[in-house]
Amino acid sequence: QVQLVESGGGLVQAGDSLRLSCASSGRTSITNYGIAWFRQAPGKEREFVAVTGGSTYYADSVKGRFTISRDNAKNTVYLQMNSLKPEDTAVYYCAARSYYGGHLVYEYDYWGQGTQVTVSS
């Protein structure tokens, strides 16, 4: 069982940066898990943002602005978000699966509770 806790969200202005954290609680190491970030804006479906594990890739909408990284010693995955735009406003979720890769919601077994990111114009 993997329990994930996100943190780092907040209210920022367009052009600012934020770093989100996704920490795995308990004794389970996330070293061998694929970890992804998704986001969900009001009235929209949850969408893929980035994934790490085996390989790293990003949604086109965030490529060049967001960076996903992991610190296995801290059992934590980060999402560095630069040059934020109002359209990045959403609840951001991290998710885990026991395989690397994957960008679809149904592929992930474990989810955090989400952290709100609001970008004002």
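I need the full set of residues from region 77-100 which are among the polar types (S, T, N, Q) and modelled with pLDDT under 95, in order please.
Filtering region 77-100 down to residues among the polar types (S, T, N, Q) leaves 80, 82-83, 89, 98.
Of everything in region 77-100, just one residue is among the polar types (S, T, N, Q) and modelled with pLDDT under 95, namely S98.
Results for (1) assigned to a loop (DSSP other than H, G, I, E, B); (2) in contact with a Ser or Thr (Cβ under 9 Å, 6 or more places away or on another chain), shown as yes or no for each residue.
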{"site": "G15", "(1), (2)": "yes, yes"}
{"site": "L20", "(1), (2)": "no, yes"}
{"site": "S29", "(1), (2)": "yes, no"}
{"site": "N32", "(1), (2)": "yes, yes"}
{"site": "I35", "(1), (2)": "no, yes"}
{"site": "F38", "(1), (2)": "no, no"}
{"site": "F48", "(1), (2)": "no, no"}
{"site": "V62", "(1), (2)": "yes, no"}
{"site": "I68", "(1), (2)": "no, yes"}
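If you take the residues of region 70-87 that are assigned to a strand (DSSP E or B) and of a type in the set (A, V, I, L, M, F, W, C), which of them is farthest from Q113 (Cα to Cα)? Steps first, answer last, please.
Restricting attention to region 70-87, the residues satisfying the condition of being assigned to a strand (DSSP E or B) are 70-71, 76-81.
Okay, now just the ones that are also of a type in the set (A, V, I, L, M, F, W, C), so 77, 79, 81.
Numbers: V77: 15, L79: 16, M81: 19 Å.
Checked region 70-87; the qualifying residue farthest from Q113 (Cα to Cα) is M81.
Can S121 be described as open to solvent by 20 Å² or more (accessible area, probe 1.4 Å), over 21 Å from V2 (Cα atoms) and touching a helix residue (DSSP H, G or I) at 6+ places or on another chain (Cβ under 6 Å)?
Numbers: open to solvent by 20 Å² or more (accessible area, probe 1.4 Å): yes; over 21 Å from V2 (Cα atoms): yes; touching a helix residue (DSSP H, G or I) at 6+ places or on another chain (Cβ under 6 Å): yes.
It is true that S121 is open to solvent by 20 Å² or more (accessible area, probe 1.4 Å), over 21 Å from V2 (Cα atoms) and touching a helix residue (DSSP H, G or I) at 6+ places or on another chain (Cβ under 6 Å).
I want to confirm something. Restricting to region 36-54 and keeping residues that are in contact with a Phe, Trp or Tyr (Cβ under 9 Å, 6 or more places away or on another chain) and open to solvent by 70 Å² or more (accessible area, probe 1.4 Å), which single residue is modelled with the lowest pLDDT? Steps first, answer last, please.
Going residue by residue through region 36-54, those that are in contact with a Phe, Trp or Tyr (Cβ under 9 Å, 6 or more places away or on another chain) are 36-40, 46-54.
Still in the running and open to solvent by 70 Å² or more (accessible area, probe 1.4 Å): 46-47, 54.
On the way: R46: 98, E47: 98, G54: 81.
Result: G54.
Within region 84-115, can you find the residues that are among the aliphatic types (A, V, I, L, M) and open to solvent by less than 30 Å² (accessible area, probe 1.4 Å)?
As a first pass, look at region 84-115 and keep what is among the aliphatic types (A, V, I, L, M): 84, 90-91, 95-96, 104-105.
Of everything in region 84-115, those that are among the aliphatic types (A, V, I, L, M) and open to solvent by less than 30 Å² (accessible area, probe 1.4 Å) turn out to be L84, A90, A95, A96.
Only one of (1) over 26 Å from S121 (Cβ atoms); (2) among the hydrophobic types (A, V, I, L, M, F, W, C); (3) open to solvent by 60 Å² or more (accessible area, probe 1.4 Å) is not met by L11, so which one is it?
If we test L11 against (1) over 26 Å from S121 (Cβ atoms); (2) among the hydrophobic types (A, V, I, L, M, F, W, C); (3) open to solvent by 60 Å² or more (accessible area, probe 1.4 Å), just (1) comes out false.
Check Y33, Y57 and return the single one that is crowded, with 18+ Cβ neighbours inside 10 Å and either at pLDDT below 95 or not polar (S, T, N, Q) (or both). It would help to see each step written out before you state the result.
Values: Y57 fails: crowded, with 18+ Cβ neighbours inside 10 Å.
Answer to the check: Y33.
Given the conditions (1) in contact (Cβ under 8 Å) with a residue 24 or more places away in the chain; (2) touching a Lys or Arg at 6+ places or on another chain (Cβ under 8 Å), and given that Q116 satisfies all but one, which numbered condition is not satisfied?
(2)
Could you list, in sequence order, all residues of region 1-13 that are assigned to a loop (DSSP other than H, G, I, E, B) and within 16 Å of Y108 (Cα to Cα)? Outline the logic, then answer.
First pass over region 1-13, keeping only residues assigned to a loop (DSSP other than H, G, I, E, B): 1-2, 8-9.
Q1, V2, listed by residue number.
The values are calculated or read from the model by the stated rules, or taken from the named source; none is laboratory data. This structure is a prediction, so every number in the text was calculated from the model and none was measured. All Cβ positions, glycine included, derive from the backbone under ideal geometry; neighbour counts span all protein chains shown. Surface accessibility is based on the protein's heavy atoms, side chains included, excluding ligands, DNA and RNA. Shrake-Rupley method; radii C 1.70, N 1.55, O 1.52, S 1.80 Å.
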